[in-house]
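Contents: one structure, followed by commentary.
The values are calculated or read from the model by the stated rules, or taken from the named source; none is laboratory data. Since the structure is predicted, the reported quantities are computational estimates derived from the model, not experimental observations. Note: ideal-geometry Cβ built from the backbone for every residue, glycine included; neighbour counts use all protein chains shown.
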Amino acid sequence: MKTKGKRQKAKGILFLTFYFFLFTSVGRAGMAVQACFSPLGKCSSHIVRELAQAQKEILVAIYAFTSDDLAWGLAKARQRGAKVQVILDKEFDAGNESSKGTFLEQQGISVRRISGLNKGSRARGAGLMHQK
């Protein structure tokens with residue numbers, strides 16, 4: 001048992017060391033992080049601003065995508081030449097006419113739909129991309 005505990009501790013130290021170097025190197029690159037809370041925080045305006053500055057790549061994985069502003073922000077980024085890829089929840093996208101999956105595809109954006117149902121769990125909201 002002591003050997004197993006030592007291995008787990010060593011793995012934890014290695015993990016933390018890796019992330020320390022990752023975050024300090026990213027921090028030196030000038031990346032800024034900002035916390036935003038909805039609905040009064042108007043997070044979408046912050047996200048749209050960041051989308052407008054994206055030059056290379058935007059990767060999105062989201063349960064429910066219904067925002068016109070964000071969809072247009074992704075479309076404009078794609079038009080500028082940024083690579084844009086989106087993963088949506090298949091059931092939400094198919095069952096909600098406000099979902100932006102089809103619009104994004106029409107704009108030339110790669111959209112992948114995956115089933116978020118977790119068949120092995122009876123817990124409500126236990127599917128993929130359904131964290132709170």
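Only helices (runs of 4 or more DSSP H) wholly contained in the range 1-104 count here; list those with 3 or more residues that are surrounded by 15 or more Cβ atoms within 10 Å (Cβ to Cβ) and at pLDDT 85 or above.
On the way: elements: 2-28, 43-53, 68-80, 90-95.
In the range 1-104, 43-53, 68-80, 90-95 are the helices (runs of 4 or more DSSP H) which contain 3 or more residues that are surrounded by 15 or more Cβ atoms within 10 Å (Cβ to Cβ) and at pLDDT 85 or above.
Listed by first and then second residue, the pairs linking a residue in the range 63-81 that is under 10 Å from LEU51 (Cα atoms) to a residue that is basic (Lys, Arg) and part of a helix (DSSP H, G or I), with Cβ atoms under 9 Å apart and 6 or more places separating them unless they lie on different chains, are GLY73/ARG49. Quick check: anything in the range 112-128 among the small types (Gly, Ala, Ser), touching a strand residue (DSSP E or B) at 6+ places or on another chain (Cβ under 8 Å) and at pLDDT 90 or above? Within the range 112-128, none of the residues are among the small types (Gly, Ala, Ser), touching a strand residue (DSSP E or B) at 6+ places or on another chain (Cβ under 8 Å) and at pLDDT 90 or above.
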